[in-house]
């Protein structure tokens, strides 16, 4: 519990209207997409970088926990105040696009800017910010950087880390640091921005982010391939990427997911299909897009594609994408509790990975529908059980552990875009040696010796 005198100090720094300890605010800032709940002791909204510095300096002196928070849309509990303390909210004030530099093609933003707001702002001037997490309509760029968020366009354009050029951040002792430059090349000193990316607010608090932009492609086309089996679809994914064609997106749905979407929305999907692949290509010349689609169709059909559909217009494209965009909500037909993991492997390992997942489902007699960004090897694996049945929940966690082990055995990672947070912290020992974990802990100690910034996350405590 934070003492009243501390709350008064925060009020002196940011004003009465930016400090809350009432029950409504504590509940509102106690949860994220994990549906786990941990109430903070107070919620504080800094107005600017100076406020952040003063708050962190005071909290460091008095050993008060600070949890930076954007939209609270994360899937792993990264922004949950599991150790109590102060939630530092950025959506109220520090939510401005500070600059769009047309000459150098960069944007400078505060951490509370919504991802889609930046996308729309830069597209108005003919530029493009590609990272597109599913939460892009409401997640903040500070959160995207802290979790190294990705999305459907990652197959061609990469993820958040590929666009962060520089950061400003406040250390736990209140010191301001500037890391990186808006220059294309910068090899002076350690890559501190790189360390802060995906650090989940455990090292410093971001106050400003410089993001790379690229020219906006003039046109996009969408296609869908229908396959009899998952293994054929997965073969088609990595062989397409190896053929010299780089689609914007290569999204996958397995049979369980197809059936769930059809049951929920009745869209006339091929429920007997083993898998669907939905793909986008983009560029500035229609002939180039047609060439890309022709090559994709060729590779697909060489690998078992029974039907290849190309959207004629935006409406047909939206129809082809409907199943993928509504997959997550639809699979709740298989159970009230969903353990959603975003594991990633090298693309060539996808066929074997999916085989292992379905073997795990058979072993435990549960449903594990899978879909995701297979163009970059990222599979959303969903263990579905009855949340009211303790035995089923127990089985679900046993299955998830085997899912992680199968992924690691194939050279993969625990998380492709959701981070580690609380949810995956218990499994970090599976992916990293004791020496590697000790290195992570040493980095944490170097930045935050008093452990006030987002403790108990990422398996660091």
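The values are calculated or read from the model by the stated rules, or taken from the named source; none is laboratory data. The structure displayed is predicted, hence computed values, not measured ones. In this analysis, Cβ positions are derived from the backbone assuming ideal geometry, glycine residues included, and neighbour counts consider all displayed protein chains.
Results, tabulated for the structure shown:
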item	result
Filtered residues of segment 1-32 (kept if more than 18 Å from residue 112 (Cα to Cα), in a loop (DSSP other than H, G, I, E, B) and modelled with pLDDT under 95)	1, 2, 3
Qualifying residue in segment 448-455 (condition: assigned to a helix (DSSP H, G or I), in contact (Cβ under 8 Å) with a residue 12 or more places away in the chain, out of contact with any strand residue (DSSP E or B) (no Cβ under 7 Å at 6 or more places or on another chain) and surrounded by fewer than 19 Cβ atoms within 10 Å (Cβ to Cβ))	no
Checking residue 411 against (1) assigned to a loop (DSSP other than H, G, I, E, B); (2) surrounded by fewer than 24 Cβ atoms within 10 Å (Cβ to Cβ); (3) touching a strand residue (DSSP E or B) at 6+ places or on another chain (Cβ under 7 Å), the condition it does not meet	(3)
Pick from segment 51-76, criterion assigned to a helix (DSSP H, G or I) and in contact with a helix residue (DSSP H, G or I) (Cβ under 9 Å, 6 or more places away or on another chain), ranking: nearest to residue 458 (Cα to Cα)	59
Index of the failed condition, residue 82 passing every other in (1) surrounded by fewer than 17 Cβ atoms within 10 Å (Cβ to Cβ); (2) outside any strand (DSSP E or B)	(1)
Residue within segment 309-326 that is farther than 13 Å from residue 240 by Cβ and part of a strand (DSSP E or B) present	yes
Residues within segment 263-293 that are farther than 22 Å from residue 215 by Cβ and either in contact (Cβ under 8 Å) with a residue 40 or more places away in the chain or surrounded by 22 or more Cβ atoms within 10 Å (Cβ to Cβ) (or both), tallied	12
Residue match in segment 350-366 (condition: closer than 28 Å to residue 457 by Cβ, touching a helix residue (DSSP H, G or I) at 6+ places or on another chain (Cβ under 6 Å) and buried (at least 24 other Cβ atoms within 10 Å of the Cβ))	no
Selection from segment 188-214 of residues that are farther than 19 Å from residue 53 by Cβ and over 20 Å from the mean Cα position of the chain (by Cα)	188, 189, 190, 191, 214
Where a residue in segment 356-371 is farther than 23 Å from residue 278 by Cβ and its partner, wherever it lies, is in a strand (DSSP E or B), with Cβ under 6 Å and at least six apart	366/385
Index of the failed condition, residue 419 passing every other in (1) in the same structural domain as residue 34 (by TED's automatic domain parsing); (2) within 20 Å of residue 80 (Cβ to Cβ); (3) out of contact with any strand residue (DSSP E or B) (no Cβ under 6 Å at 6 or more places or on another chain); (4) touching a residue at least 40 places away in the same chain (Cβ under 8 Å)	(1)
Residue 374 vs. criteria surrounded by fewer than 16 Cβ atoms within 10 Å (Cβ to Cβ), touching a strand residue (DSSP E or B) at 6+ places or on another chain (Cβ under 7 Å), closer than 24 Å to residue 160 by Cβ and not assigned by TED's automatic domain parsing to the domain that holds residue 79	no
Residue 372 being under 21 Å from the mean Cα position of the chain (by Cα) and in a strand (DSSP E or B)	yes
Answer from 134, 71 - the residue that is within 25 Å of residue 451 (Cα to Cα), surrounded by fewer than 24 Cβ atoms within 10 Å (Cβ to Cβ) and touching a residue at least 40 places away in the same chain (Cβ under 8 Å)	71
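Residue by residue, here is whether (1) free of Cβ contacts under 8 Å to residues at least 24 places away in the same chain; (2) on the phi < 0 side of the Ramachandran plot; (3) within 24 Å of the chain's Cα centre (by Cα); (4) surrounded by fewer than 21 Cβ atoms within 10 Å (Cβ to Cβ) holds:
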| position | (1), (2), (3), (4) |
| --- | --- |
| 167 | no, yes, yes, no |
| 186 | yes, yes, no, yes |
| 219 | no, yes, no, yes |
| 229 | no, yes, no, yes |
| 244 | no, no, no, yes |
